[in-house]
Amino acid sequence: MTLEALIFDVDGTLSETEEVHRSAFNDTFAARGLGWYWSKDTYRRLLLTTGGKERMRAYRDETGSGPDDAEIGGLHSAKTRRYGEIIAGGGAGLRPGVAALIARARKAGLLLAVATTTSRQNVDALTRAAWGRPADAVFDVIAAGDEVAEKKPAPDIYLLALERLGVPAGRAIAFEDSRAGVLSARRAGLRVVATPSVYTAGDDLAGATRQLPDLGVLC
């Protein structure tokens, strides 16, 4: 079937942003006097839970103390603002090959989409820093954050992106870096190119159609 669209995960796929997220979480925890600190090892483990609010709830339940769900919502909003500040200050660039692949796809007339568990604000922050434009000026479709009932590894976010694109799964390719992301895309019927990131280097990505060190290999 003819290829019509490329669908990208964001964190770890477009950019090595997870360390920025970790810093933003820790800065927010410190500013609120929460007494939480996520080391790299802790954060690597928490990444098995998709979604920032979900990670905070998982950590609270694991440690037996911490903010209630309403307070976690406020913490997450503050963390999103802090993330945007770090990204705007040059906290993370695009991974190798990303800009070139997106430029080539646009020139070839392919549709471009994002399917991510992060918030729309975070997607905008990254595209403004990397391309100098908001997300909807770079991508035709953005499926982000809490727009679906179930986050990755459920297929919901990819099914939403495909619906908005108006493209069948067989005519699109997903780009991911994690096991949860690969499972999500595959369950939506997509072929997947996987490029492991710093935090997902040990993930089992066997479900991917192709595994590459980065997208520079394609450019």
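Quick notes on this structure:
- Of the set (1) part of a helix (DSSP H, G or I); (2) open to solvent by 50 Å² or more (accessible area, probe 1.4 Å), all apply to PHE29 but (2).
- None of ARG164, ARG179 is closer than 24 Å to ARG45 by Cβ and among the charged types (D, E, K, R) except ARG179.
- Here THR13 passes the criteria (1) assigned to a loop (DSSP other than H, G, I, E, B); (2) in contact (Cβ under 8 Å) with a residue 60 or more places away in the chain; (3) in contact with a helix residue (DSSP H, G or I) (Cβ under 7 Å, 6 or more places away or on another chain) except the one numbered (3).
- Members of the stretch 127-149 found to be outside any helix (DSSP H, G or I) and within 15 Å of the chain's Cα centre (by Cα), listed by number: PHE139, VAL141, ILE142, ALA143, ALA144, GLY145, ASP146, GLU147, VAL148
- Residue within the stretch 135-151 that is more than 26 Å from GLY91 (Cβ to Cβ), open to solvent by 40 Å² or more (accessible area, probe 1.4 Å) and not aliphatic (A, V, I, L, M) present: yes
- Residue check for LYS40: under 20 Å from GLU150 (Cα atoms) and open to solvent by 30 Å² or more (accessible area, probe 1.4 Å): no
- Number of positions in the stretch 92-118 that are of a type in the set (A, V, I, L, M) and not in a helix (DSSP H, G or I): 9
- Residue tally, condition open to solvent by 80 Å² or more (accessible area, probe 1.4 Å) and either modelled with pLDDT under 95 or under 22 Å from ALA143 (Cβ atoms) (or both), over the stretch 172-199: 4
- In the stretch 103-134, the residues that are touching a residue at least 12 places away in the same chain (Cβ under 8 Å), open to solvent by 40 Å² or more (accessible area, probe 1.4 Å) and within 24 Å of THR2 (Cα to Cα): ARG104, LEU111
- Screening the stretch 200-219 for residues that are open to solvent by less than 20 Å² (accessible area, probe 1.4 Å) and in contact (Cβ under 8 Å) with a residue 60 or more places away in the chain and picking the one that is farthest from the chain's Cα centre (by Cα) gives LEU215.
- Number of the condition not met by ASP156 [criteria: (1) of a type in the set (D, E, K, R); (2) surrounded by fewer than 18 Cβ atoms within 10 Å (Cβ to Cβ); (3) over 30 Å from GLY90 (Cβ atoms)]: (2)
The values are calculated or read from the model by the stated rules, or taken from the named source; none is laboratory data. Just so you know, these numbers come straight off a predicted model, no measurement behind them. No Cβ is skipped: glycine too gets one built from the backbone with ideal geometry, and neighbour counts run over all protein chains shown. We work out accessible area using only protein heavy atoms, side chains counted, and drop any ligands, DNA or RNA first. Shrake-Rupley method; radii C 1.70, N 1.55, O 1.52, S 1.80 Å.
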